[in-house]
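Enquirer: I have a structure here, written as structure tokens, and I will follow up with some questions on it.
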Amino acid sequence: MNYPEVTLGELADGKGSFVDGPFGSNLKASEYVDAGVPVMRLQNIRPNEYLPKDVKYITQQKADSLSRHNYRPGDVVIAKLGAVGTACIVPDYCDEGIIVADVVRFRGDKTRINHQYLCDFLNSPEGQDRVLRLSKGTTRLRTNLTDLKKIEVPLPPLDDQKRIAYVLGKVEGLIAQRKQHLQQLDDLLKSVFLEMFGDPVRNEKGWEKKPCSKVAEIITGHPFKSDFYTDDPTQLRLCGGLIIYPQRIEWDKCNYWPKELLPGLERYLLEVNDIVLAMDRPWISSGLKICSVDEIGCGSLLVQRTARLRAKEVEQYFLYAHLKDSSFTRHCKPTETTVPHISIKDIQTFQILCAPKQLQIRFALIAERIENIKSRYQQSLTDLETLYGALSQKAFKGELDLSRVPLPSEDTATTAVEPLETSEPPPAKEPFSLPDPSELTTLNSAEGRHALINQWLEAWLTDLNDAPFSPRSFIEAAQQRLIELAKEEDLPEWDAAEYNSVQAWVFEALGDRRLTQTYDDAKNRVQLHAVSPR
């Protein structure tokens, strides 16, 4: 069935419920202060997510003069510049504040519209398409309050709106969880890199350095003419900066090149594990747009204003981890031009540590295992995003069967994303007591704590025999044991150094095959097992 459609303006809760921000001259950046009333800006709004990043403030006196443009928890805020139509709900933990000129604040009639349902629709492909039709601009899209009021919203009964929001929210939660898993695996690899090679800038180990151009083959892409682009997925994929992200390449958004036009362009073909880097607008909120090519991208063609790196004198995984370090981002300074970009010279001159080859190979083995895990999570993420798109499309057309979806209560909270857990907790058994250190005073030094963590891990592993190994369970037990020991001696609390010790030990144990890993397809997670000695 098709739901009736109602304009967004008709769904507002009376006068003053649907407003945009003050004119620029009424709220200037020079009026921002270090603390006071928060200001809602475009960079704080993401699809269905408030981003508390770089929050600005104004004085209470200034806020009082702009009270018509205020927002409070539970309001919907909508971007009207750039990513037009992007919407999220102001979370409960936010203080009341003021919106800027390029933001719209909406308060709906709660008897007719559910705010989460509205955000889901505005952020959906159909909602975005409707906003774009009423937007203007060439370099940067812009809409206005008058046009936003004209956007037509499918309006099922209020209870069904809540059910739709509930279903989509569940899938969104899983998507957020998968993204967090990928980020945590990235962080793990960075931690291992620093543990094995040290800080690349300080180079505490005193290894020789060489420019990137000496240890890797670096090329930039070809200026393929868009006149020959095709939508045929049986042809050659084109890899350009617009589809490259820090953790993946969005191949579903790529253009294609006819195979018969390949001759003469073979040098631009990509191989598995090639490193690709966006050179135009190479930064996004989550980092530099650099990624490793997966099997899907093998045989695709590199587009201009994109660089490809292929290791010659160092291991490819080592080179990739080196370039993912923040020192590379700092080295690549954006140009002061209309379109920010990094130069090929910046890439070529970046200094690469020439660590011992055997150490690089050892790191590459660990990195390959992590990348294999990431590829599974990435496929799961892709599947979930496809599912979300299909569900939202059906939901807003009235084609989704909601008969079995329970009506969520008003206080149903969004499920928090759980920390990465690589295995099931071990089965219940008699609690294992971690042994006492030889001397408590050794725990006041980082070296002493690192040694104790390793001692405890070995004891824990022996006790497990060949049962599942859970890093989380071990960490909880170790934290509790340190608290008990702290009663006898004033000891520092568990911090990042201890997490890094556990991470490094896990990867060493995998390398030594004291731990083995399997993939639990039913629960979509990696599981670690202790290997009993023969």
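Enquirer: Would region 298-308 turn up any residue that is farther than 19 Å from Ile218 by Cβ, open to solvent by less than 20 Å² (accessible area, probe 1.4 Å) and in contact with a helix residue (DSSP H, G or I) (Cβ under 9 Å, 6 or more places away or on another chain)?
Expert: no
Enquirer: Within region 54-143, which strands (runs of 3 or more DSSP E) (wholly inside it) include 1 or more residues that are open to solvent by less than 10 Å² (accessible area, probe 1.4 Å) and in contact (Cβ under 8 Å) with a residue 60 or more places away in the chain? Give the steps one after another, and end with the answer.
Expert: On the way: elements: 56-58, 76-79, 87-89, 97-99, 103-106.
Per the criteria, 76-79, 97-99, 103-106.
Enquirer: Given the options Ala390, Ala395, name the one that is of a type in the set (A, V, I, L, M, F, W, C), within 30 Å of Val6 (Cβ to Cβ) and touching a Ser or Thr at 6+ places or on another chain (Cβ under 9 Å). Before the answer, list the steps.
Expert: Numbers: Ala390 fails: touching a Ser or Thr at 6+ places or on another chain (Cβ under 9 Å).
The match here is Ala395.
Enquirer: A further question on this structure: Hey, can you tell me all the residues within region 259-273 that are over 11 Å from Leu301 (Cα atoms) and surrounded by fewer than 17 Cβ atoms within 10 Å (Cβ to Cβ)?
Expert: If the condition is that a residue be over 11 Å from Leu301 (Cα atoms) and surrounded by fewer than 17 Cβ atoms within 10 Å (Cβ to Cβ), then Glu260, Leu261, Pro263, Gly264, Val272 are the ones that fit.
Enquirer: Right, something else. Tell me which strands (runs of 3 or more DSSP E) are completely within region 184-263 and hold 3 or more residues being closer than 25 Å to Arg281 by Cβ, or say none if there are none. Outline the logic, then answer.
Expert: Numbers: elements: 209-211, 216-220, 236-239.
Qualifying strands (runs of 3 or more DSSP E): 216-220, 236-239.
Enquirer: Further question on the same structure: List every residue pair whose Cβ atoms sit under 8 Å apart, with the two residues 6 or more apart in sequence or on different chains, where the first one lies in region 355-382 and is free of Cβ contacts under 8 Å to residues at least 60 places away in the same chain and under 25 Å from Lys312 (Cβ atoms) and the second, anywhere, is assigned to a helix (DSSP H, G or I) and open to solvent by less than 30 Å² (accessible area, probe 1.4 Å).
Expert: Final answer for the pair search is Gln360/Phe318; Ala364/Phe318.
Enquirer: A follow-up question, please. Could you tell me whether Asp160 is surrounded by fewer than 19 Cβ atoms within 10 Å (Cβ to Cβ) and either closer than 26 Å to Asp346 by Cβ or not aromatic (Phe, Trp, Tyr) (or both)?
Expert: Working: surrounded by fewer than 19 Cβ atoms within 10 Å (Cβ to Cβ): no; either closer than 26 Å to Asp346 by Cβ or not aromatic (Phe, Trp, Tyr) (or both): yes.
Considered against the rule, which asks whether it is surrounded by fewer than 19 Cβ atoms within 10 Å (Cβ to Cβ) and either closer than 26 Å to Asp346 by Cβ or not aromatic (Phe, Trp, Tyr) (or both), Asp160 comes out as no.
Enquirer: Could you tell me which residue of region 328-361 is nearest to Asp280 (Cα to Cα), considering only residues that are open to solvent by less than 10 Å² (accessible area, probe 1.4 Å) and assigned to a helix (DSSP H, G or I)?
Expert: If we take residues in region 328-361 being open to solvent by less than 10 Å² (accessible area, probe 1.4 Å) and assigned to a helix (DSSP H, G or I), then Ile347 is nearest to Asp280 (Cα to Cα).
Enquirer: Then there's this: Any residue that is at pLDDT 90 or above, among the small types (Gly, Ala, Ser) and either more than 30 Å from Thr111 (Cα to Cα) or assigned to a strand (DSSP E or B) (or both) - is there at least one of those in region 7-23?
Expert: yes
Enquirer: Counting only residues that are among the hydrophobic types (A, V, I, L, M, F, W, C) and touching a Cys at 6+ places or on another chain (Cβ under 7 Å), which one in region 28-85 is farthest from Ser17 (Cα to Cα)?
Expert: Applying the filter and picking the extreme gives Ile45.
The values are calculated or read from the model by the stated rules, or taken from the named source; none is laboratory data. Just so you know, these numbers come straight off a predicted model, no measurement behind them. Note: ideal-geometry Cβ built from the backbone for every residue, glycine included; neighbour counts use all protein chains shown. Just so you know, the surface numbers come from the protein's heavy atoms only, side chains and all, with ligands and any DNA or RNA stripped out. Shrake-Rupley method; radii C 1.70, N 1.55, O 1.52, S 1.80 Å.
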